[in-house]
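One structure is given below, encoded as structure tokens.
The values are calculated or read from the model by the stated rules, or taken from the named source; none is laboratory data. Note that the structure is a prediction, hence the values are computed from the model and not measured. Virtual Cβ from ideal backbone geometry, glycine too; neighbours counted across all protein chains shown. Only protein heavy atoms, including side chains, enter the accessible area calculation; ligands, DNA and RNA are left aside. Shrake-Rupley method; radii C 1.70, N 1.55, O 1.52, S 1.80 Å.
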Amino acid sequence: GGGEGGEGGDGGDGGGKRSKPSKPSSRVDELAERWAVGSDGDGTFDEALVVDVYGRFLAGGRSGRGRSADLSRLELSGYLERYLWPHFDGESASWEHVMSIVVMLNAKFGEGVDGWAVLRAERARFDAFFGRALGLPSERAEMPWLERAEWVRFLVRAFGSLEEEMVRVQALKLASLPMWLTLSERDAASRLKAQPALSRPWKFVKKRRTKEAALPSGPPLSSQREESFLPSLLRQTVEALALADERARGAATEDGVGGVDDEAEGGGGGGGGRGGGGRRGPPRGG
């Protein structure tokens, strides 16, 4: 009964009140004392602790009920609102700090709690966080599938929260006219012909991009993201789905070949060879 109370009771009623996990984690409880102290901005913040907590409790290599229980305890301890967010700095925050905020926000929304409420009062800080969050994959050579799933879940939540003004301003920059710069001249002309009102804004976008391309450092990161973030994400998604499908087909084919060999060794006798029943085993090439 104790385990059920801990994880089943978190689900959250409409008001976002959740019951504490009944099985305490002494390590999380010990760490929670740190953010209870650090929440007053008394200089006790330690970025190394954030990195350690991420590796112990939130990293992509962990999954299942153990990770869910640790995540629930961290959320209930106020880790996001008392430690991660008050001490977030867009310039100096570690990769783990940014990713921890992403994971904790997802946890709040998963519990039916408005995660944006924690960030709403610090608009400039939110803008810096959103920019860092967009760049998480590019800051790491590889992101395990669980971490990438958390990141995509955050993006889905952001684009599903356009009623939130601070989110809308940042998200819609990624879905605006500069994306057309990734189109061929022919495709862009076709779309402009269908929507002539966009001709003037389109000329402005191209003129701005020409000026930015002439800069010594090239176009700023914000402009690059306006142009290519979503198209690139869509391409990566299609490639990932194609790869998953290819692997699934490969696994199915291997299983099918094994079945054919077994049948052949058995001499093709018995009911398997009648009525075409033996042909239905392998998905292809049997």
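Values computed for the structure shown
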| quantity | calculated |
| --- | --- |
| Top-ranked residue in segment 97-124 [being closer than 23 Å to Asp70 by Cβ and not in a helix (DSSP H, G or I); ranked as least open to solvent (accessible area, probe 1.4 Å)] | Gly115 |
| Unique residue being assigned to a loop (DSSP other than H, G, I, E, B) and at pLDDT below 90 when the list is Gly66, Gly43 | Gly43 |
| Filtered residue count, segment 125-142, keeping only those that are open to solvent by less than 30 Å² (accessible area, probe 1.4 Å) and either part of a loop (DSSP other than H, G, I, E, B) or in contact (Cβ under 8 Å) with a residue 40 or more places away in the chain (or both) | 7 |
| Spans of helices (runs of 4 or more DSSP H) in segment 143-232 with at least 3 residues open to solvent by less than 70 Å² (accessible area, probe 1.4 Å) and farther than 30 Å from Ala121 by Cα | 185-194, 199-213 |
